[in-house]
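Trainee: The following block contains the structure, expressed as structure tokens.
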Amino acid sequence: MTDRLESREKVTGEARYAVEYPVEGVAYAAAVQATVGRGEITSVGTEEALRLPGVLAVLSCENAPELRESGDAELALFQSRTVSYRGQFVAAVVAETLDTAREAARLVRVEYASEPPDVELRADHPGLYKPEKVNPVFPSDTAQGDADEAFAKSAVRVEATYTTPAEHNNPMEPHATLAQWHDDGTLTLYDSNQGASGVQKTIAGVLGLEPSQVRVVSPHVGGGFGSKGAPRPNVLVAALGARATGRPVKFAVPRQQMFATTGYRTPTIQRIRLGADEDGHLDAITHEVVEQTSVLQEFGEQTAVPTRMMYKAPHRRTSHRLVRLNVPTPSWMRAPGETPGMFALESAMDELAVAAGIDPIELRVRNDTGHEPESGLPFSSRNLVACLREGAARFGWAARDPRPGVRRMGRKLLGTGVASSTYPAYMRPSEATARAEPDGTFTVRVAAADIGTGARTALTLIAAEALKVELGRVRVEVGDSRFPKAPVAGGSMGTSSWGAAVVRACEGLRGKLNGSVPPEGLEASADTTDELKGRDRYARHAFGAQFADVEVDADTGEVRVRRMLGIFAAGRIVNPKTARSQLIGGMTMGIGMALHEESVMDAEFGDFLNRDLAQYHVPACADVRDIEADWVEESDPHLNPMGTKGIGEIGIVGAAAAIANAVHHATGVRVRDLPITPPRLLPRL
Amino acid sequence: MDSEATPVKAEITLRVNGAEHRLDVDTRASLLDVLREDLGLTGSKKGCDHGQCGACTILVGGRRVNACLALAVAHDGAEIVTVEGLAEDGRLSPVQEAFIEHDGFQCGYCTPGQLCSATGMLDEAERGWPSAASEDLRVDPVLDDDEIRERMSGNLCRCGAYMGIVAAVREAAARREAAEA
């Protein structure tokens with residue numbers, strides 16, 4: 001139960017975030033967004049803007065330096081006259097002050113030859129295609145047996161279409177960069193991101209520099225939830241602005257501009273069919289997903305992927321179809337794939353339980369499996385049933401009357417629901433160094449990111465254990481590309497990936513330590529690349545069970561979550577205090593997904609209509625009454641030296657389904673389209 | 001056009017965390033930008049710049065205010081406390097301590113606003129101000145969890161630390177009450 005090690009800095013305001021570093025002579029950037037959804041820029045009028053006192057430069061496709069291709073077309077900032085979506089950055093102003101920059105950005109006159117944009121995702125869109133792969137490298141389609149025939153023959157069948165809307169990560173700290181060029185041609189980026197090594201490599205590539213010429217500094221990051229997993233155009237606005245003016249330049253993306261320029265979760269249309277025998281044993285599962293990507297860049301969310309490994313069934317088919325629209329490129333948002341996919345699958349499982357007259361927990365237990373269905377690999381550990389059983393006992397599930405719509409307390413209809421949860425236990429190679437200092441302390445360095453996960457604290461605990469010294473003698477430094485190269489804080493793999501390298505470096509150091517430490521200190525480094533290549537073949541996943549207790553106002557259709565319980569099996573939990581917070585945080589975002597969050601595309605002009613935190617409602621304090629998260633003990637020898645699986649994302653997976661299932665139990669109404677807002681629910685009550 | 005857009009400056013005085021600052025501010029500048037960019041007090045955060053997230057919450061004359069919605073020029077002579085001024089002589093305030101103990105934050109970006117908001121809110125409750133959650137407007141409110149959640153709902157936390165935040169505020173309120181008893 002260790003407090004976050006940077007707690008004091010965070011409660012006193014000392015913790016510095018990206019654009020908070022004091023630099024001499026700083027200037028400010030403001031960006032101009034495309035006002036058409038598709039077209040060509042015919043001219044960029046900068047005269048008025050440049051006449052404003054204090055304006056230093058205006059950058060656009062008419063004068064921006066040539067950038068190298070990076071594989072991410074969103075980073076080809078100002079490289080073309082083509083507008084791919086409304087809201088795309090088309091120009092930027094650099095000025096002496098923020099107010100002047102903003103005013104000047106308003107005065108930049110961009111003219112377009114525009115065409116009607118194609119922005120609406122539909123299941124019958126003629127442009128639907130099968131991508132080569134979905135994020136990151138899963139096959140688009142899979143099939144086992146004959147799912148259609150098996151479904152047709154099944155005694156109990158569920159066939160339904162579920163939709164989830166576009167959702168925005170909305171970390172509290174906007175995407176923000178302070179760029180400073182030095183006389184020797186090197187660049188320092190104080191940047192808000194989920195991985196300094198990745199930003200260094202990508203941005204160096206785009207600017208035609210060696211990675212060693214770019215330093216990325218990000219010790220504190222105000223959240224990311226996937227949206228800061230790769231650099232966004234804001235980094236280049238700052239870097240190009242700084243190069244054009246010879247000044248350090250700050251650019252924090254205004255909240256309203258984040259909706260178009262910093263990523264979001266694709267909307268999904270998911271058709272699911274479950275066929276089972278009378279006892280609820282699944283015989284056929286199909287999961288067909290339709291989602292969007294942009295005309296600029298392909299991103300296919302792996303929405304049907306959890307359906308490939310969740311339950312036993314001899315006949316199964318999954319598919320993903322994408323359509324390229326004039327929309328911003330969708331990207332990672334907390335548990336991409338699992339989050340929308342498990343909403344659909346776990347809602348369908350609830351429908352199957354109702355159709356078969358079987359308790360929803362019992363149904364899931366009956367369809368549990370010891371081998372990953374599609375690959376045939378054994379699970380390194382799979383404690384889904386233990387989570388369901390433990391959760392059921394603690395939630396008071398046994399007393400539940402399964403009949404929907406029969407519990408009323410005044411105006412409130414009451415109900416409870418359950419859903420399974422899962423997330424893969426990924427790992428990627430990482431490097432780390434461990435140093436013994438002559439004063440008896442230890443310094444461990446890794447270019448990890450602490451985006452609020454508690455990574456700094458967890459790695460310090462891991463290092464202290466590996467060094468066999470007390471916590472107070474170990475200092476872990478993260479968030480700087482000068483530190484040993486590390487993978488992104490994403491895919492719930494940070495602690496496992498960085499931690500393994502930290503353990504190996506510490507073990508190496510212990511091997512070298514031989515009595516006294518020399519005055520210059522003693523250092524050992526590690527790289528886990530080879531170690532990861534040699535791992536045995538197992539299906540490695542974390543599991544969980546989510547329970548929700550809701551009340552629905554019969555007069556207004558408003559849904560409130562009275563209580564949530566999540567029980568997870570995620571290997572060893574390194575620091576219970578921060579782990580619990582992270583799981584609860586994921587479940588809280590799940591409440592948002594279930595009840596509040598929806599980014600509405602402007603069907604005529606493109607871009608999202610609701611572009612701020614008043615119109616895009618993320619859960620507020622009053623939306624969260626009682627959330628408890630806990631875990632079952634799980635010892636898994638097939639993971640990594642710590643025995644960890646990762647906990648950053650699993651908290652959101654299944655949360656929305658548990659709430660939707662509880663709403664059904666409360667009201668008898670099955671809402672298959674998120675979020676469950678009064679306009680969707682009230683007419684059916 | 002030019003003359004309209006040329007920055008108009010005004011001289012003001014702000015007392016921030018006990019220190020007086022004489023400033024020549026752009027009349028368009030928000031208190032938040034002046035604190036962060038002119039005074040280097042970056043503890044107050046900019047999350048939305050529209051008064052929707054509360055990350056910029058500071059205390060002006062003891063009352064909580066969204067600094068992003070306050071024009072600096074309108075606050076000549078104001079007495080301001082930011083997150084940097086909550087601790088006294090390096091000793092954390094009860095609210096700050098309780099936030100650490102209950103892990104009332106993760107990324108820390110909303111935290112300065114939460115702390116200032118909680119500090120101001122405890123004063124409001126003590127003065128008997130009701131909230132939308134108060135059942136009886138004639139009696140002094142009791143800061144139960146519903147009251148705390150209602151009164152803290154102007155401060156968004158995307159990491160979802162509300163359980164810890166409510167527990168922290170509950171504890172800080174109890175400690176305050178005990179200290180006064």
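Trainee: Only one residue in A:Phe225, A:Phe259 is out of contact with any helix residue (DSSP H, G or I) (no Cβ under 9 Å at 6 or more places or on another chain) and outside any strand (DSSP E or B). Which one?
Mentor: A:Phe259
Trainee: Say we look at the range A:182-217 and pick out the residues that are among the β-branched types (Val, Ile, Thr) and assigned to a helix (DSSP H, G or I); which of these is farthest from A:Glu431 (Cα to Cα)?
Mentor: Across the range A:182-217, the extreme among qualifying residues is A:Val206.
Trainee: Could I ask something else about it? Just the residues that are without any contact (Cβ under 8 Å) to a residue 12 or more places away in the chain and more than 9 Å from every other protein chain (Cβ to nearest Cβ), please, taken from the range B:138-178.
Mentor: Within the range B:138-178, B:Arg138, B:Val139, B:Val142, B:Asp144, B:Ala174, B:Glu177, B:Ala178 meet the criteria.
Trainee: Looking at B:Leu14, B:Leu41, B:Leu59, B:Leu35 in this structure, which one is outside any helix (DSSP H, G or I), among the aliphatic types (A, V, I, L, M) and within 21 Å of A:Ala27 (Cβ to Cβ)?
Mentor: On the way: B:Leu14 fails: within 21 Å of A:Ala27 (Cβ to Cβ); B:Leu59 fails: within 21 Å of A:Ala27 (Cβ to Cβ); B:Leu35 fails: outside any helix (DSSP H, G or I).
One residue alone meets the criteria, B:Leu41.
Trainee: Filter the range A:1-44 for residues that are touching a helix residue (DSSP H, G or I) at 6+ places or on another chain (Cβ under 8 Å) and closer than 16 Å to A:Arg86 by Cβ; which is nearest to the other protein chains (Cβ to nearest Cβ)?
Mentor: Looking at residues that are touching a helix residue (DSSP H, G or I) at 6+ places or on another chain (Cβ under 8 Å) and closer than 16 Å to A:Arg86 by Cβ, I get A:Ala31.
Trainee: Which members of the range A:567-584 meet the condition of being more than 20 Å from A:Arg540 (Cα to Cα) and touching a strand residue (DSSP E or B) at 6+ places or on another chain (Cβ under 9 Å)?
Mentor: Within the range A:567-584, A:Pro576, A:Arg580, A:Ser581, A:Gln582, A:Ile584 meet the criteria.
Trainee: In addition: For the range A:527-536, indicate whether the set of residues that are crowded, with 17+ Cβ neighbours inside 10 Å, more than 25 Å from A:Val632 (Cβ to Cβ), more than 14 Å from every other protein chain (Cβ to nearest Cβ) and at pLDDT 95 or above is non-empty.
Mentor: For the range A:527-536, residues crowded, with 17+ Cβ neighbours inside 10 Å, more than 25 Å from A:Val632 (Cβ to Cβ), more than 14 Å from every other protein chain (Cβ to nearest Cβ) and at pLDDT 95 or above: present.
Trainee: Within the range A:552-592, take every residue that is farther than 25 Å from B:His102 by Cβ and surrounded by 23 or more Cβ atoms within 10 Å (Cβ to Cβ) and give me the one that is nearest to the other protein chains (Cβ to nearest Cβ).
Mentor: Only one residue fits best here, namely A:Val559.
Trainee: Here's another thing I want to ask about it. So which of A:Tyr21, A:Tyr85, A:Tyr17 is buried (at least 22 other Cβ atoms within 10 Å of the Cβ), within 30 Å of B:Gly164 (Cα to Cα), within 31 Å of the chain's Cα centre (by Cα) and aromatic (Phe, Trp, Tyr)?
Mentor: A:Tyr17
Trainee: If we keep just the residues of the range A:415-446 that are outside any loop (DSSP other than H, G, I, E, B) and among the aromatic types (Phe, Trp, Tyr), which is farthest from A:Arg562 (Cα to Cα)?
Mentor: Only one residue tops the list, namely A:Phe442.
Trainee: Let me ask another. Using the structure shown, decide if A:Glu477 is acidic (Asp, Glu), in contact with a helix residue (DSSP H, G or I) (Cβ under 9 Å, 6 or more places away or on another chain), farther than 16 Å from A:Pro429 by Cβ and surrounded by fewer than 24 Cβ atoms within 10 Å (Cβ to Cβ).
Mentor: yes
Trainee: Now for a separate question. Quick check: anything in the range B:124-137 buried (at least 24 other Cβ atoms within 10 Å of the Cβ) and within 14 Å of chain A (Cβ to nearest Cβ)?
Mentor: Here is the first cut: in the range B:124-137, the residues buried (at least 24 other Cβ atoms within 10 Å of the Cβ) are none.
No, the range B:124-137 contains no residue that is buried (at least 24 other Cβ atoms within 10 Å of the Cβ) and within 14 Å of chain A (Cβ to nearest Cβ).
Trainee: Given the conditions (1) surrounded by 24 or more Cβ atoms within 10 Å (Cβ to Cβ); (2) in a loop (DSSP other than H, G, I, E, B); (3) more than 18 Å from the chain's Cα centre (by Cα), report the number of the one that A:Asn661 does not fulfil.
Mentor: (2)
Trainee: For A:Val90, work out the one condition from (1) in a strand (DSSP E or B); (2) more than 14 Å from every other protein chain (Cβ to nearest Cβ); (3) closer than 30 Å to A:Met601 by Cα; (4) in contact (Cβ under 8 Å) with a residue 60 or more places away in the chain it doesn't fulfil.
Mentor: (4)
The values are calculated or read from the model by the stated rules, or taken from the named source; none is laboratory data. Just so it is clear, the structure is predicted and the values come from calculations on it, not from any experiment. Note that we place each Cβ from the backbone using ideal geometry, even for glycine, and neighbour counts take in every protein chain shown.
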